[in-house]
Amino acid sequence: MKALVSMTAHELHDKLVNREVSALELTRAQLAHIEETEAEIESYITVTSASALKKAEEVDKKIAAGEEISPLAGIPVAIKDNISTKGVLTTCASKMLYNYVPPYSADAYERLLGQDAVMVGKANMDEFAMGSSTENSYFKKTKNPRNTACVPGGSSGGSAAAVAADEAVFALGSDTGGSIRQPASFCGVVGMKPTYGLVSRYGLIAFASSLDQIGPITKDVRDCATVLSAICGKDEKDSTSLHVSTPDFLGALTGECKGMRVGLPKEYLSDAVDPAVREAVLSAAKAYESMGAEIVECSLPMLDYALETYYLISSAEASSNLARYDGVRYGFRAEGCEDLDSLFLKTRSEGFGKEVKRRIMLGTFVLSSGYYDAYYKKAQKTRTLICQDFARVFETVDCILTPTSPCTAWKFGAKSADPVQMYLADICTVSINIAGLPALSMPYGTDGEGLPIGVQLIGPRLGDAKILKAAYALEKGGR
Amino acid sequence: MKYETVIGLEVHAELSTKTKIYCSCENSFGGDTNTRCCPVCIGLPGALPVLNKTVVDYGIKAGLSMHCDIASYCKQDRKNYFYPDLPKAYQISQFDLPLCEHGFVEIDTDEGMKKIGITRIHIEEDAGKLLHAEGANFSLVDYNRGGVPLIEIVSEPDLRSPEEALAFLEAIKSTLQAIGVSDCKMQEGSLRCDVNVSVRPEGQKEFGVRSECKNVNSFHAAARAIRYERDRQIAILEAGGTVEQETRRWDDTKGESFVMRTKEEAHDYRYFPEPDLMPIFVDEAWKENLRNSLPELPSEKKKRYVENYDLPKYDAGLLSASLGLSKLFEEAVGEGAKPKTVSNWLLGEISKILNETLMEAEDIPFGGKALAELISMIESGTISGTIAKQVLPEMFNSDKNPKQIVEEKGLAQISDEGAIMEIIHGVLSQNEAAVNDFKAGKDKAIGFLTGQVMRASKGKANPGVIQAKLREALEALK
């Protein structure tokens, strides 16, 4: 029989409703499994056992009282440690916030609480979400549950590993340039970055404000649709959150994709992509064809400029967003500071890790007078061109199929020495954030070493339901 | 050599909105330290700003009242710098696309009216305040002021003297007060300015090198800082030196300014568009609604006072610059009082009391109707001007109208001839020497005796009646 903790949210929901299992039993089983697994995988920075058990009891009371419970009620969830959780340590995996306990909660987390989801812990990540392997965490190195010699991807590596290792039924991650999709791909789970503005960023500790978006990491596409329905919606506290009525994501999951036009851009299948990954994408395309979808070959030539554009914009915004960590009000403060300047300098030199400092330096440089036009402004222009590139392709297709990452999970340390190698791993994902589009990564086969391969489905702006529909069809009938 | 002083001002005015610019914390002066704060205005990780629309309304109103073009599209930008009173380490402001541009304000100068250009007006947030305890080796921060909405008004370098600068500041203050967007209380720091000064030999076209002076916290300080800076720069030029472009800090107690930053040390603020906020679009309807809501501006009011009420320009200028005084003026005149008489009372006795008690004209507890009543009582002979000056302070201290005060205190003028004659007889019997002087032909004695009668009546006797009856009584004694 399938273990409780390896089930999906919708399977567990049925069990809870049918009283085959109580929320408390489920949470206890989840915490016990974390206890067992955590020593090896290290998905979590903080495990919140006490509050989880308390929440589970509340859910059981509702069930006992005959109340209708929401689809995520009693379901254990891992929250990435850059999402503010009132009263619970929220560190961004940085020494800088090693002791920071937020006095308020992120909107997305509030919405999950409103659905009675049970948070079991705060997941590890690359420091301030900067990285593609979770090796930049100040606290620990999370292992890939599919092969513990490999990285789980990043920056939401803890969230993806937790779901893959059954340490949570689902997780929230954040995606600035691929930080949900790439680790989901590496760990063999489903991860989605919604349309920019669909999920409130209020309480998400900012890395790059115009690119950041919270999204679900789940065991299957149905759970992904359920979680997205729960966390999306207009938030008056986030000026960039969109005024749109919530689409029926679950209703889009028909299992059909007949007549859908699926774009296959040639730039994403170049020689830079691992053969096994390319194979997987092509075989997914064949599966779509066999299900009655139309494969449309297309071109996104601006991909060549995506990585540069991404690193200029994200670093510029990060340099400003991370300036508030100065040792004055909260978090880490260096010892032995003589005056104001040394307080700022020592705190920031000691509190931030290498990669974070690299990006702050880069961002500070590109915003400096004399360089602004050549870098930041030019990047903004390229951003417009990338948006137009996608808009043009979406005139003829419903969604776009690409690899999530040009490669599968690599071994620890393999790319740590060369930041550019690490940045190149984001090539397939960053342009989606630049254009503010929705995209989803789902597992589709494995490479020669048995490591999971992820395929990415990209939708037009607010086409979140479309890619969920396409993904669900592929998940059901595509193998 | 003769030099010309060139001055430009940057005025920061706190807007009197109910809540702060990006959160719902109360926007008001004072309060216990760090009590008007929330995750947004202390810049906690993950908190996001949401623009208070009233701030844009107020900014547009200020722009319209200063004849600016209002941008149909503008945005907010981040100005990045480190300081403990700035919790996000950037100030949300406006950089290359301000809300208002290309306006002017008119000021009165010795050579007549002069237009002073307004380069721009933009909206931004205020920072917190550092508190330094005497002798302590640390500082504390109060973030109550953080996120209070400001407009920054930047003038063209059109001002040529400290007096013009003062007139400009007065014009800004009275305009902002009149349109109700700022209370402009200098003592609460709700109006502050930076002063840019340069000098050039008279007749030269190019501007000289300017310095910017910060920490100027009163109109008086602005004039002093300008004089100081003008003299300092002229002295440098006269000695054959060159003026450096620098930022200086005004110390009002010492009456001197000191270098804060040289040109080389100038901050690079790394402005870039604020990604957490959407651009601001102002359509014609929004603008026109606000334009129609604008009250009469002080400059228009002044003109009307001169034309309709025949007031001297000087009176009209002072009255129209003050919301409180002009309101009282118009109410009193509406009750039928003579405009010039009302003006005399407002600018004389009433202003004297305001100055002595440090009260704002807006806080005067009585209305124009009461003032008109007071004036009509003088004109009808019910009380004398002297008595009226005793009634006025009572009007400030109680909510009673002048008639009640006069009745209760028995201050009404005595015009009854019999009653006054009685007082006169009493006075004459006690002042034999003066009576004898009069008999000896010294007419001067009448003046002395009039004073005595007035005194005996506690100021209430009608002077005209005294005059007639006293002479009558004295003649009878001859």
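The values are calculated or read from the model by the stated rules, or taken from the named source; none is laboratory data. From a predicted model like this one, the values you see are computed outputs, not experimental measurements. Quick reminder, even Gly has a Cβ in these numbers, built from the backbone with ideal geometry, and neighbours come from all protein chains shown. Heads up: the accessible areas ignore ligands, DNA and RNA and are worked out on the full protein's heavy atoms, side chains in. Shrake-Rupley method; radii C 1.70, N 1.55, O 1.52, S 1.80 Å.
Of the solvent-accessible surface of segment B:3-289, computed with a 1.4 Å probe and all protein chains present, 50% belongs to carbon and sulfur.
Accessible surface ranking for A:Y423, A:Y305, 1.4 angstrom probe, highest first: A:Y305, A:Y423. Express the carbon and sulfur contribution to the solvent-accessible surface of segment A:1-123 as a percent, rounded to the nearest whole number, probe 1.4 angstrom. Accessible surface attributable to carbon and sulfur in segment A:1-123 totals 52 percent.
With a simple spin-label model that places each label point 7 Å from the Cα along the Cα-to-Cβ direction, the separation between B:K439 and B:Q404 comes to 5.2 nm. Partner shielding of A:235-246 amounts to 3, given as the average count of beta-carbon atoms from other chains within 10 Å of each residue beta-carbon.
Per-residue ellipticity at 222 nm from helix content only, as computed over chain A with -39500 (n - 2.57) for each DSSP H run of at least four residues, stands at -11500 deg cm²/dmol. For segment B:417-477, averaging the sequence separation of C-alpha pairs within contact (under 8 Å, six or more residues apart) and dividing by the residue count gives a relative contact order of 44 percent. GluC sites (Glu not before Pro) within segment A:293-360: which are DSSP loop residues with at most 12 other Cβ atoms inside 10 Å? Filter output for segment A:293-360: A:E335, A:E338. Solvent-accessible surface (1.4 Å probe) assigned to A:F249 amounts to roughly 0 Å². Residues of segment B:3-50 buried by at least 10 Å² of accessible area upon assembly of all protein chains, compared with the chain on its own (1.4 Å probe): B:P39, B:V40, B:I42, B:G43, B:L44, B:P45, B:G46, B:A47, B:L48, B:V50. Between the Cα long axis of helix B:53-65 and the first principal axis of chain B there is an angle of about 70°, rounded to the nearest 10. Could you state the angle between the C-alpha long axis of helix B:162-178 and the longest principal axis of the C-alpha atoms of chain B, as a value from 0 to 90 degrees rounded to the nearest 10? For B:162-178 against chain B, the angle is about 90 degrees.
Out of the total accessible area of segment B:417-477 (probe 1.4 Å, heavy atoms of protein only), what percent is carbon and sulfur? It is 52 percent, rounded to a whole number.
Once the Cβ-Cβ distance between A:A3 and A:K378 is put in as r, and R0 is 51 Å, what FRET efficiency do you end up with, to the nearest 0.05? Each step should come with its number before you reach the end.
On the way: r = 53 Å, r/R0 = 1.04.
About 0.45, to the nearest 0.05.
Shown are B:R200, B:R210, whose ranking by accessible area with a 1.4 Å probe and every protein chain present, most to least, is B:R210, B:R200.
Where only protein heavy atoms count, and the probe is 1.4 Å, what is the accessible area per residue for the protein assembly as shown in Å²?
41 Å²
For segment B:142-205 versus segment A:125-174, the spacing of their alpha-carbon centroids is 55 Å. Site pair A:A149 and A:T446 shows an inter-label distance of 1.4 nm when each label is modelled 7 Å from Cα along Cα→Cβ. Over chain B, DSSP H runs of length four or greater, each weighted -39,500 (n - 2.57), average out per residue to a 222 nm ellipticity of -12000 deg cm²/dmol. Accessible area per residue (1.4 Å probe, heavy atoms of protein chains only) ranks A:K95, A:K122, B:K439, B:K303 as B:K303, B:K439, A:K95, A:K122, with the largest value leading.
For B:F207 and B:D252, a Förster radius of 22 Å and the Cβ-Cβ distance give a FRET efficiency of 0.25, rounded to the nearest 0.05. Excluding ligands, DNA and RNA and using a 1.4 Å probe, chains A and B jointly bury around 2700 Å² of accessible surface, summed across both partners.
Measure out, as a whole number of angstrom, how far apart the alpha-carbon centroids of segment A:358-395 and segment B:392-412 sit. Segment A:358-395 and segment B:392-412 have Cα centres spaced 73 Å from each other. With axes computed from alpha carbons, what is the tilt in degrees of helix B:219-238 against the longest principal axis of chain B, rounded to the nearest 10 within 0 to 90? Its long axis makes an angle of about 60 degrees. Peptide A:312-325 has a mean shielding of 4, counted as Cβ atoms of other protein chains within 10 Å of each residue's Cβ. Sorting B:330-337, A:71-78 by average packing, meaning the other beta carbons within 10 Å per residue, from highest down gives A:71-78, B:330-337. Applying 1/(1 + (r/R0)^6) with R0 = 41 Å to the Cβ-Cβ distance of B:E362 and B:E156 gives a FRET efficiency near 0.85.
Stretching the chain fully between B:E394 and B:L477 yields a gain of 25.7 nm (0.36 nm per residue, less the alpha carbon separation). Placing pseudo-labels 7 Å out from each Cα toward the beta carbon at B:S429 and B:N217 gives an inter-label distance of 6.6 nm. Residue by residue along B:270-280, Cβ atoms of other protein chains within 10 Å of the local Cβ number 6 on average. Rolling a 1.4 Å probe over the protein heavy atoms leaves A:H10 with an accessible area of roughly 60 Å².
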